[in-house]
Amino acid sequence: MDTKFFKRWISDVSPYIPGRIKDNFIKLASNENNYGPSKRVIDIIKGKSGDIFRYPYKDELVKEKISEYCNSSIGKNLIWPENIILGNGSDELIELLIKTFQSPYIGFYPSFVEYNRVARIFNEIYYEIPLNDDWTFDCGKFINNEKFKKAGVVFLCSPNNPTGGIIEKSDIEKILKFNKIVVVDEAYYEFSNLTALDLIDNYENLIVLRTMSKAFGIAGLRMGYGIADKEIIKFLHKVKPPFNVNILAQEAALAALDDVDFMEQNVERIVKDREIMGKILGKKFKVFGSRTNFLFADVSPYTAKEFFDKLYKKKIIVRPFGKLDGFKGEYARITVGTEEENKILIEVIEEIF
Ligand SMILES: Cc1ncc(COP(=O)(O)O)c(C=O)c1O
């Protein structure tokens, strides 16, 4: 194929590689919620499957429900449907932000790969400032970097994928005081209970991204949302593709938000197991404190591939990261599964490492 037909910079872009999946294997590779969604979600999808000849039409209802959910989490009525945009997963919203806002963009490293990857797809500049060696975020180092001065949009993933740590709210606020768009990706919010959402009132440059792929257990339906000042949301709607969230995802979101208790019970179980697994894994490897539904570990002296292969032989799939530029060690990420899966994982880890 003659490469002249392709945009020149695309040849340098790597495709997103999803976590592996195999029948009868325990999948702990994509930070899904292996307890799955509320039964109400399953029932509604079955019941509404006959509606799929229609274009999706429940955006407004979903936004209303999301605003109620957000307001109840911050204990204030700050978020209205006009502060919300829906995405085909928060992945799509990341793309929407990059389509809408001027580069350069900046974030820290390691963090969620999509910010950088999408910027490259659009041939835009994305700067990465390394975290500290212990994965903490040095706000002073970040804002004093020359590249920070040049950037128009800041991506802060908190809690962070893959390290699991958080950015202190006081640091987020410091960054918000600069004249830049600040995106706080809270994909794992429910597992940390920490949010920057209440800052929306004071900072019209703040955008919070959330997803229903993790705690709510509907990753396969693709349902994410962004919350920001209504002027930003109006702009983003100019760029958003029509009907981006499908009708079953909308129905599922409504049903899931009607059963927040179910989600919270599962989050509680996952958080409890995360702490137990962290301690057990921590006896063998260097494991980092996590406020998410996964653990990030330096698995040396094994390579990440060896670690993956050993678990794969026992029918468990984790996510090998390998080496990270500028950091010592070999890294792997392990999602916290169901109680039963976690028990098996622990037994296997005790046995083979
Ligand atoms: C930090 C972070 N943001 C966004 C996403 C994308 O989530 P979604 O399924 O909503 O596209 C992920 C998924 O792993 C994530 O880890």
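Here, each number is a calculation from the coordinates, and none is a lab measurement. Predicted model only: the values in this text are computed from it and were never measured. For neighbour counting, all protein chains shown are included, and Cβ atoms are generated from backbone atoms with ideal geometry for every residue, glycine included.
The ellipsoid that matches the Cα gyration tensor of region 189-250 has semi-axes, each √(5λ) in whole angstrom, of 22, 19, 6, with the longest given first. Excluding same-chain neighbours fewer than eight residues apart, the aspartates and glutamates reachable from Lys149 by a Cα-Cα span under 20 Å are Glu124, Glu128, Asp138, Asp171, Glu173, Glu204.
How would you classify region 1-65 from its alpha-carbon gyration tensor, with a ≥ b ≥ c the square roots of the eigenvalues: rounded for a/c under 1.5, else prolate if a/b is greater than b/c, otherwise oblate? Walk me through the numbers before you get to the answer.
Values: a/c = 2.63, a/b = 1.46, b/c = 1.80.
Here region 1-65 falls in the oblate category.
Within 10 Å, count the other beta carbons around each residue, average over each peptide in 41-47, 112-118, and list them highest first. Show your work: numbers first, answer last.
Values: 41-47: 15.6, 112-118: 19.1.
Going from most to least packed, we get 112-118, 41-47.
For the pair region 21-64 / region 268-321, the C-alpha centres are spaced 27 Å from each other. Using just the C-alpha positions of region 222-347 as equal point scatterers, what log10 of I(q)/I(0) does the Debye formula give at each q in 0.13 1/Å? Result of the Debye calculation: -0.75.
I need the shape label for region 139-297. Rule: rounded when a/c is under 1.5, else prolate if a/b > b/c, else oblate, with a, b, c from the alpha carbon gyration tensor. Oblate, since a/c reaches 1.5 and b/c is not below a/b. Using the Cβ-Cβ distance between Lys147 and Phe6 with R0 set to 30 Å, the FRET efficiency from 1/(1 + (r/R0)^6) comes to roughly 0.55. Within the listed set Leu86, Leu206, Leu236, the Gaussian network model of the chain (springs between alpha-carbon atoms below 10 Å) gives the highest mean-square fluctuation for Leu236. In the Gaussian network model of the chain, springs joining C-alpha atoms below 10 Å, which of Pro104, Pro15, Pro37 carries the largest mean-square fluctuation? Result: Pro15 has the largest fluctuation of those listed.
Averaging over all projection directions, find the projected area of the Cα convex hull of the chain and quote it in nm² with one decimal place. Provide the component values of the computation, followed by the final result.
Details: hull surface 75.8 nm².
Seen from a random direction, the Cα hull of the chain projects 18.9 nm² on average.
Among Ser213, Ser170, Ser290, Ser103, what is the fewest-to-most ranking by other Cβ atoms within 10 Å?
Values: Ser213 22, Ser170 8, Ser290 28, Ser103 17.
Going from sparsest to densest Cβ surroundings: Ser170, Ser103, Ser213, Ser290.
Assuming a ≥ b ≥ c are the square roots of the Cα gyration tensor eigenvalues, decide whether region 106-213 counts as rounded (a/c under 1.5), prolate (otherwise, with a/b larger than b/c) or oblate. Intermediate results must be reported in sequence, preceding the final value.
Values: a/c = 1.24, a/b = 1.14, b/c = 1.09.
It comes out rounded by the Cα gyration axes.
Structural descriptor for the chain: relative contact order 24 percent, calculated from alpha carbon pairs under 8 angstrom and at least 6 residues apart.
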